[in-house]
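To start, the structure under review is shown below, and the notes come after it.
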Amino acid sequence: MTTEDPGTMVLLSDAGIDLAAHRQRLREAGRTQIRPALRDEAAARVRAAAEQAPFRLSVNSGAKSLDLSLEELATLQPEQAAKFTELVHAGAAAGFQYCFDTYRLSDEVDAGRLTAGPLAELYRALNAPPFLQHCRQLADDDTIAFCDAQVTRYRPGHFLTMHNDDVAGKGRVMAFVLNLTPDWRADWGGLLLFHGADGNVDGGFTPAFNALNLFKIPCDHSVSLVAPFAPQPRYAVTGWARRK
């Protein structure tokens with residue numbers, strides 16, 4: 001395993017992680033969960049930074065993705081807000097729809113707007129040679145060249161309906177979800193669910209702090225609706241290991 005420099009954030013550096021066993025789970029089931037993903041102190045710093053991220057609301061209108069200002073949405077009149085929610089729910093009832101808060105980490109780093117701090121460190125760790133090599137080994141795919149990432153926040157009422165992440169031209173090999181929410185209960189929703197061809201749920205992961213969920217693409221999955229009584233948001237850093 002990689003030895004972590006105290007001044008550098010490194011993913012999957014814990015000597016107790018059996019990467020060979022996780023590789024086998026990915027081969028057999030297409031998914032696995034690795035804990036811990038980061039050292040405890042690093043995970044806590046990333047979580048604190050995620051809570052302060054300047055989120056926007058991410059929704060889709062058909063195939064078009066929209067990132068909307070939370071400040072502007074807060075100025076909607078009650079009837080306007082109700083109509084907006086009605087349209088989102090109609091999209092979910094008809095097919096693929098999502099509604100959650102996002103901070104697009106890749107875009108911010110690549111544009112030079114985010115250069116320091118825990119989120120920038122995490123993005124560098126995702127694209128550092130040690131983690132990329134782990135991804136190649138875990139996914140049995142030597143073509144993996146980089147990772148993209150976004151910080152997500154699911155508040156009550158947020159969701160992501162079933163899809164498979166297989167988008168032409170994106171080169172997505174394996175998806176990851178780095179969970180940043182402690183003390184989450186399954187009945188609060190926000191579960192990463194995997195769907196079988198028969199329409200049943202084959203399995204899933206409950207949000208668990210500092211756990212890294214991995215699954216190969218394509219894979220039918222969803223994030224269940226966060227319940228109105230959930231006492232805290234569901235935070236995570238999500239993205240894909242990709243080939244160029």
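The values are calculated or read from the model by the stated rules, or taken from the named source; none is laboratory data. Every value quoted in this text rests on a predicted model; they were computed, and no experiment measured them. Counting neighbours? That spans all protein chains shown, and the Cβs are built from the backbone with ideal geometry, glycine included. Side chains included, ligands, DNA and RNA excluded: accessible areas come from the protein's heavy atoms. Shrake-Rupley method; radii C 1.70, N 1.55, O 1.52, S 1.80 Å.
May I ask you to give the percent of accessible area on the range 1-116 that is carbon plus sulfur, with a probe radius of 1.4 Å?
Working: 3390 of 6710 Å².
The computed percentage sits at 51.
May I ask you to derive the relative contact order of the chain, considering only C-alpha pairs under 8 Å and at least 6 residues apart, and to give it as an integer percent?
Reported relative contact order: 24 percent.
How many angstrom separate the Cα center of the range 86-125 from the Cα center of the range 186-212?
One Cα centre to the other: 20 Å.
Would you kindly work out the equivalent ellipsoid of the chain from its C-alpha gyration tensor and give its semi-axes, the square roots of five times the eigenvalues, largest first in whole Å?
Values: eigenvalues 164, 90, 60 Å².
Output for the chain: semi-axes of 29, 21, 17 Å.
Run the accessible area of the range 177-242 with a 1.4 Å probe and give the carbon-and-sulfur part as a rounded percent. Mind showing how you got there, number by number?
Working: 1380 of 2480 Å².
Answer for the range 177-242: carbon and sulfur cover 56 percent of the accessible area.
Quick one: which residues, 5 or more positions from Phe146 or on another chain, have an amide H under 5 Å from its amide H? H modelled 1.01 Å from N in the peptide plane, none for Pro or chain starts.
Arg242
Would you mind putting 57-69, 163-175 in packing order, based on average other-beta-carbon counts within 10 Å, highest first?
Ranked by mean Cβ neighbours within 10 Å, highest first: 163-175, 57-69.
Let's see if you can work this out: charge +1 on each Lys and Arg Cβ, -1 on each Asp and Glu Cβ, no other charges. What is the dipole magnitude of the chain about its Cα centre, in debye to the nearest 20?
On the way: 25 positive and 29 negative charges, 53 e Å.
Charge dipole of the chain: 260 debye, to the nearest 20.
For the range 53-168, go through all pairs of different Cα atoms, get the mean of 1/r, take its inverse, and jot down that Kirkwood value in Å. Don't jump to the answer; show the numbers that get you there.
On the way: mean 1/r = 0.0607 Å⁻¹.
The answer is 16.5 Å.
Can you return the aspartates and glutamates within cross-link range of Lys216? Criterion is Cα-Cα under 20 Å, with same-chain partners fewer than 8 residues away left out.
Excluding near neighbours in sequence, the set is Asp18, Glu28, Asp140, Asp141, Asp142, Asp148, Asp165, Asp166, Asp198, Asp202.
Using the Kirkwood radius over Cα pairs, work out the Stokes-Einstein diffusion coefficient for the range 1-124 at 20 °C and 1.002 mPa s, in µm²/s as a whole number. Mind dumping the intermediate values first?
Working: Rh = 17.9 Å.
Roughly 120 µm²/s, to the nearest whole number.
Give me the net charge of Phe229's neighbourhood, meaning all other residues with Cβ under 14 Å from the Cβ of Phe229; Lys, Arg count +1, Asp, Glu -1. Spell out each step's value before the answer.
Values: positive: Arg155, Arg185, Arg234; negative: Asp187.
Overall, the nearby charge balance is +2.
Looking at Pro54, Leu38, Ala20, which one has the Cα that reaches farthest to the positive end of the dipole of the range 1-89 (charges on Cβ: Lys, Arg +1; Asp, Glu -1)?
Sorting the options by dipole projection puts first Ala20.
Could you calculate the contour length gain from Ala93 to Thr8, that is, 0.36 nm times the residue separation minus the distance between their Cα atoms, to one decimal place in nm? Could you put the intermediate results ahead of the total?
Working: separation 85, 0.36 × 85 = 30.60 nm, distance 4.47 nm.
Stretched fully, the Ala93-Thr8 segment lengthens by 26.1 nm.
Express the accessible area of the range 108-244 per residue in Å², computed with a 1.4 Å probe while the remaining protein chains stay in the model. Each step should come with its number before you reach the end.
Working: 5660 Å² over 137 residues.
Ligands and nucleic acids excluded, the result is 41 Å² per residue.
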